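Quick notes on the structure that follows.
The values are calculated or read from the model by the stated rules, or taken from the named source; none is laboratory data. The structure displayed is predicted, hence computed values, not measured ones. In this analysis, Cβ positions are derived from the backbone assuming ideal geometry, glycine residues included, and neighbour counts consider all displayed protein chains.
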Amino acid sequence: MNPHFNELTHEVIGAAIEVHRHLGPGLLESSYRECLCHELLLRGIDFQKEFKLPLEYKGIKLDCGYRVDILVRNLVLVELKAIHALAPVHEAQLLTYLRLGGWKVGLLINFNVAVLKDGIRRRVL
């Protein structure tokens, strides 16, 4: 694993903690996404928001409406939630998106927690 991934995920987690520190839990996922994108901009971290993720099926790319919340430097997929609790299906979604997009590292971040570190999952394919 490239050590650059560790630095990059650390930077993204720091930005997410800053957003959570200012907003706390209880808002919509879209609010956290916009604020996290703004925080990434402030920190000079390149990203793409709502990155289209086509589904390849039997050699054909299909637009099924999948969107990755944030793709950081085309290396780290960030999937955001604002829900009561993360479930195995959310981690499965993250792993599937990693596989479909050919990425190695993903962060699943649930902002609806008292302490953000309790809502962060880092997964490596």
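So that you can scan it fast, the table gives a plain yes or no per residue for (1) under 12 Å from the mean Cα position of the chain (by Cα); (2) within 13 Å of Phe51 (Cβ to Cβ); (3) not aliphatic (A, V, I, L, M):
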{"site": "Leu77", "(1), (2), (3)": "yes, yes, no"}
{"site": "Leu95", "(1), (2), (3)": "yes, no, no"}
{"site": "Leu108", "(1), (2), (3)": "yes, no, no"}
{"site": "Phe111", "(1), (2), (3)": "yes, no, yes"}
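Of the conditions (1) at pLDDT below 95; (2) crowded, with 16+ Cβ neighbours inside 10 Å, Asn6 satisfies every one except a single condition; which number is it?
Unmet condition: (2).
Kindly indicate which of Glu56, Glu11 is of a type in the set (Asp, Glu) and closer than 18 Å to Gly102 by Cβ.
After ruling out the rest, the residue left standing is Glu56.
So how many residues does region 79-93 have that are farther than 19 Å from His20 by Cβ and either under 13 Å from the mean Cα position of the chain (by Cα) or not in a helix (DSSP H, G or I) (or both)?
Going through region 79-93 one residue at a time, the tally reaches 3.
Restricting attention to region 28-40, report how many residues are aliphatic (A, V, I, L, M), surrounded by fewer than 17 Cβ atoms within 10 Å (Cβ to Cβ) and in contact with a helix residue (DSSP H, G or I) (Cβ under 9 Å, 6 or more places away or on another chain).
Residues in region 28-40 being aliphatic (A, V, I, L, M), surrounded by fewer than 17 Cβ atoms within 10 Å (Cβ to Cβ) and in contact with a helix residue (DSSP H, G or I) (Cβ under 9 Å, 6 or more places away or on another chain): 0 in total.
Among the residues of region 41-89, what is the count of those that are under 24 Å from Glu7 (Cα atoms), surrounded by 11 or more Cβ atoms within 10 Å (Cβ to Cβ) and not acidic (Asp, Glu)?
The total comes to 19.
Condition test on Leu71, is it part of a helix (DSSP H, G or I), within 17 Å of Val12 (Cβ to Cβ) and within 14 Å of the chain's Cα centre (by Cα)?
Answer is no for this residue.
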